Amino acid sequence: MKNKIIITAFVLCVSTFIHAQDAKEIVRKANEKSNGNSSYTEMTMKIVRPTYERSISMKAWSLGTDYSMVYITAPAKEKGQVHMKREKEMWNWQPTINRMIKLPPSMMMQSWMGSDFTNDDLINQASIVNDYTHKLLGEEKHESYLCYKIELIPKENSNVVWGKIILLISKDDEFILKSEYYDEDNDLIKTEFASDVKMLGGKKIPSKFTTIPSDKKGNKTIMIMDNIIFDYKLDETFFTQQNMKKIK
C-alpha cells in the first residue's frame, strides 16, 4: 500500500511538471511568433477617451526582447520623439528641448504617451516567458478560436509588477488572443484583445490590439500594425543614444 502511494505521488509530480513545461512552451511559441527575432514595424496607436480621441503614428525597430526603439512620426507636436529600451533600461529623447532622459524605476507604471500602456509594458515584454511559472488551466472558446487557457504566476524575486496574468492562446495558430492582467490582490487591472488576423511580414498574425483598463469606463487604446518586416537586419549597435538623435 505504501509503495502504491509513493508511485501515485511520483506520477502526479511528473504529470504536473510535464503540464508546466507544455504551458511554458505554448507561451514561448506564441511570444516568438508575434515578435520574431528582429523586426521593423509601422503602426498607429489610437487613444480613446470619453471626451476625445487622438492618434499617434510611429516606426519601431526591435531585436529579440531586450532591444527596441520607437520613433514618433505624427502628430506634429510629438514628431521626432524617440523611446528606446536597451535591456532593462528605458530612454527618451525629446528633440524640442534637446534632452535625453533615462526613466527611473518610479516611472515604470506611468502611462506611455498618454495611452493605456505603461512604460513597464515596454520594458518587460520578455517576462511572460522567463519571469513567470506557467499552468495550463484547460481550454476555452474565444470568438471562433479554441484556445489554451494559461495562468502565469510570478517567480519568486522576479522583477515584475503583475500578480497574475491569464492568457488565451489559439490552439491551431498560436496567437495570444486575450491577456488579463491582475494585481497582487487578484484584482483585474486591464485586458488586451488581439484581432483582425491577416498576413503581415509573411506571417498570419493579429494586426489590431485593444487594451481596456478595468477602472476607467470608456477608456481604451488601440494599436494597429500597418506594416511589419520580420528578420530585419539589426544588431545591438543600432540601439544607442547617439542613434536616437539621428533616426527618421
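All of the numbers you see were taken from the coordinates with simple rules; none came from a lab. All of these numbers come straight from a predicted model, not from anything done at the bench. Neighbour counts are summed over all protein chains in view; Cβ atoms, including those assigned to glycine, are modelled from backbone coordinates with ideal geometry.
So which of 178/216; 102/208; 155/216; 46/164; 24/220; 135/178 end up more than 24 Å apart, counting from Cα to Cα? If you can, show how the numbers build up before the last one.
Details: 178/216 19 Å; 102/208 30 Å; 155/216 29 Å; 46/164 27 Å; 24/220 29 Å; 135/178 16 Å.
From 178/216; 102/208; 155/216; 46/164; 24/220; 135/178, over 24 Å: 102/208; 155/216; 46/164; 24/220.
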| Charge dipole (debye, nearest 20) of the stretch 30-172; +1 at Cβ of Lys and Arg, -1 at Cβ of Asp and Glu | 440 debye
| When 229, 165, 97 are ordered from fewest to most other Cβ atoms inside 10 Å of their Cβ, what list results? | 97, 229, 165
| Cα coordinate range in the stretch 65-136, projected on the principal axes (Å, largest first) | 47, 21, 20
| message | For the stretch 3-244, take every pair of Cα atoms, bin their distances at 5 Å starting from 0, and report each bin as a whole percent. | response | 1, 6, 12, 16, 19, 18, 13, 7, 4, 2, 1, 1, 0, 0, 0
| note | Asserting the computed 222 nm helical MRE of the chain (DSSP H runs at least 4 long, -39500 (n - 2.57) per run, divided by residue count, to nearest 500) equals -6000 deg cm²/dmol
| Computed over the chain: relative contact order in percent, which uses C-alpha pairs under 8 Å that are six or more apart | 20 percent
| message | Could you check the spin-label model distance between residue 100 and residue 246? Points 7 Å from the Cα along Cα→Cβ, value in nm. | response | 1.3 nm
| task | With only Lys, Arg, Asp and Glu charged, each at its Cβ (+1 for the first two, -1 for the last two), find how big the charge dipole of the stretch 3-244 is about the Cα centre; round to the nearest 20 debye. | result | 480 debye
| query | Which distance in Å, rounded to a whole number, links the C-alpha centroids of the stretch 30-102 and the stretch 131-174? | reply | 26 Å
| query | Could you put 79, 217 in order, starting from the residue whose Cβ has the fewest other Cβ atoms within 10 Å? | reply | 217, 79
| task | Specify the longest stretch of the chain that does not include any exposed loop site, a site being one of the GluC sites (Glu not before Pro) with a non-H, G, I, E, B DSSP assignment and at most 13 other Cβ atoms within 10 Å. | result | 1-86
| request: Can you put 70, 48 in order of Cβ neighbours within 10 angstrom, beginning with the fewest? | output: 48, 70
| note | Checked against the positive end of the charge dipole of the chain (+1 on Cβ of Lys and Arg, -1 on Cβ of Asp and Glu, about the Cα centre), the farthest of 93, 157, 225 is 93
| said: Residue by residue through the stretch 174-186, what is 3J(HN,Hα) from phi via Karplus (6.51 cos²θ - 1.76 cosθ + 1.60, θ = phi - 60°)? Round to whole Hz and write x for glycine and proline. | reply: 6, 8, 7, 9, 8, 10, 10, 10, 10, 8, 5, 8, 6
| Relative to the longest principal axis of the chain, what angle (0 to 90°, nearest 10) does the C-alpha long axis of helix 2-35 take? | 20 degrees
| remark: So, with points 7 Å from each Cα along the Cβ direction, the residue 77-residue 188 label distance in nm works out to 3.3 nm
